[in-house]
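Okay, so here's the structure we're looking at.
Values in this text are rule-based calculations from the coordinates and carry no lab data. Keep in mind that what you see is a predicted model, and the values were worked out from it rather than measured. Positions of Cβ are backbone-derived with ideal geometry, glycine not excepted, and every protein chain shown enters the neighbour counts.
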Amino acid sequence: MRLKLQSAVLCLAIALSACSGSDNTSGDSSDATAKTSRAADATKAEGATVAASTLADGPDVCFRAIAKHLGADTKVSEITSFFSVGSEIDSNNTKPAGEMTNCTVKYQSPDDPRKLVSTGLDIRSGKFDAPKPIEIRVTGGNAAEFKLDDYLIPLSKINAAALASVMEAQKARLNGVYSRYAWSGVRLSPPDPFSDTHTLRLDVEGRLASNDIKENGYASVSTDGKKITSDHLTP
């Protein structure tokens, strides 16, 4: 049985109307100044930014943010975090190497355990978006027999922090293949036709030492972050 997750498209029509009061030239100018100041402060607060998280904060930086937001006992299906590889590897990349560019999660709805919802971290503000519903479709099996719990794992059972040791252990091999490389993704992948359990995934991108061609690869790792179960890091 194969699980297909289709994010629902939410269309929100927001009508904005300008409100005008009666013309009152006798109002207190200090009150007008105070209102202007408060409006400026509100605008500044809305546009406030936070320093972007980086891979140097740990390969589990996105996972920690999600656990803080949702709670460690939340059951999740999939987590995706991506990081900039820098302009030395990708000339079109304008962000510093290692800066997190994406952090999203698909998890069990707190309102209906039969359903999934998703949310993503707004990198600029450091806050998560409101949850969005996900439409679950089953292919290659009987939809009536589908159990969402088979595709969920508690956040507390995932040790993405341990991936740091796996990444360190690959240095010598990767340095022998790439003239320069960077880790570009840390993910949690749900069970699929090739695996009946969740796995962590490390993505790498670099320039081949032999010809400077840009290449990428990945490795699947057990959820305790210790054992590589599928190795495609190099060509």
Among Lys95/Lys127; Lys75/Lys127; Lys115/Lys227; Lys75/Lys226, the pairs whose Cα-Cα distance exceeds 29 Å are Lys115/Lys227
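Give the residue list of trypsin sites (Lys or Arg not before Pro) in the stretch 52-125 that are DSSP loop and have at most 12 other beta-carbon atoms within 10 angstrom.
Arg114, Arg124
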Can you put Met167, Met100 in order, fewest other beta carbons within 10 Å first? Met167, Met100
Cα centroid separation, the stretch 143-210 to the stretch 86-102 (Å): 20 Å
For Asp231 paired with Lys214, estimate the spin-label separation in nm (one decimal), with each label point 7 Å from Cα along the Cα-to-Cβ line. 2.7 nm
Under the Kirkwood approximation applied to all pairs of distinct alpha-carbon atoms, what is the hydrodynamic radius of the stretch 133-235 in Å? 15.4 Å
If you split all Cα-Cα distances of the stretch 57-139 into 5 Å bins from zero, what percentages do you get per bin, shortest first? 3, 13, 23, 20, 15, 11, 8, 5, 1, 0
Which of the trypsin sites (Lys or Arg not before Pro) found in the stretch 137-220 are loop residues per DSSP with 14 or fewer other Cβ atoms within 10 Å of their Cβ? Lys147
